[in-house]
Amino acid sequence: MSGDEVAKSLQDSPATGPRLVIVGPPGAGKTTVGSLLAQRWCVAFRDTDADIEKQAGKPIRDIFVDDGESAFRTLEIAVVRSALDGHAGVLALGGGAVMNTDTRDALSRQRVVFLDVGLAAAAARVGLGTTRPLLLGNVRSQLKALLDGRRPLYRDVATVSVITDGLTVGEVADAVEKVFDGSAAP
């Protein structure tokens, strides 16, 4: 998307909802970068995975084991909808949130940055994936399948993409701010 297209999409964004929504696969840095941007902009940060854990009263890995992925996704849809409607700061979505058609539709009316990460960098960042239920087993293989399946969805919902490979958290946050030229900041 060109600079003019980004500026137009920001002008057309609704007055309500998050200042910025961050999407991407596991290991992209959504929570870390989102927290830093929120701190820089003096706004609240919210992570829908944390919201899900709070609402369920247990970690996501336990939701998957005890209740199954379908139950998790149902809860995720409701939590994301609530966050998109009621959060005015920086919002990080769980990696699989974009799989839902209604969520993708709702994101079309938001400022969305896709933090893109290559397989090697993502695998290094997530480690053995013991807290990430969809990455159990062969982490690189599972992560590759997730990246291959979801990358087109991330790109589809994104106002802009930022490649995070080889960058520090501060450098990624700087890149996001540069792309939005301060228009996402208060």
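The values are calculated or read from the model by the stated rules, or taken from the named source; none is laboratory data. What you see is a predicted model, and the numbers here were worked out from it, not measured in a lab. Cβ atoms come from the backbone with ideal geometry, glycine included; neighbour counts cover every protein chain shown.
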(message) All but one of (1) in a strand (DSSP E or B); (2) modelled with pLDDT of 95 or more hold for L37; state the number of the condition that does not hold.
(response) (1)
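Of the residues D105, D85, which is outside any loop (DSSP other than H, G, I, E, B), free of Cβ contacts under 8 Å to residues at least 40 places away in the same chain and more than 21 Å from I63 (Cβ to Cβ)? Working first, answer last.
Working: D85 fails: free of Cβ contacts under 8 Å to residues at least 40 places away in the same chain.
It is D105.
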(message) Among the listed residues D105, D66, D49, D116, identify the single one that is among the acidic types (D, E) and over 20 Å from G149 (Cβ atoms).
(response) D66
(request) Kindly list, by first and then second residue, each pair from a residue in segment 54-73 that is farther than 15 Å from M99 by Cβ to a residue that is part of a helix (DSSP H, G or I) and among the basic types (K, R), limited to pairs with Cβ atoms under 7 Å and residues at least 6 apart or on different chains. (result) none
(message) For segment 166-186, which positions are in a loop (DSSP other than H, G, I, E, B) and either modelled with pLDDT of 95 or more or surrounded by 14 or more Cβ atoms within 10 Å (Cβ to Cβ) (or both)?
(response) L167, S183, A184, A185
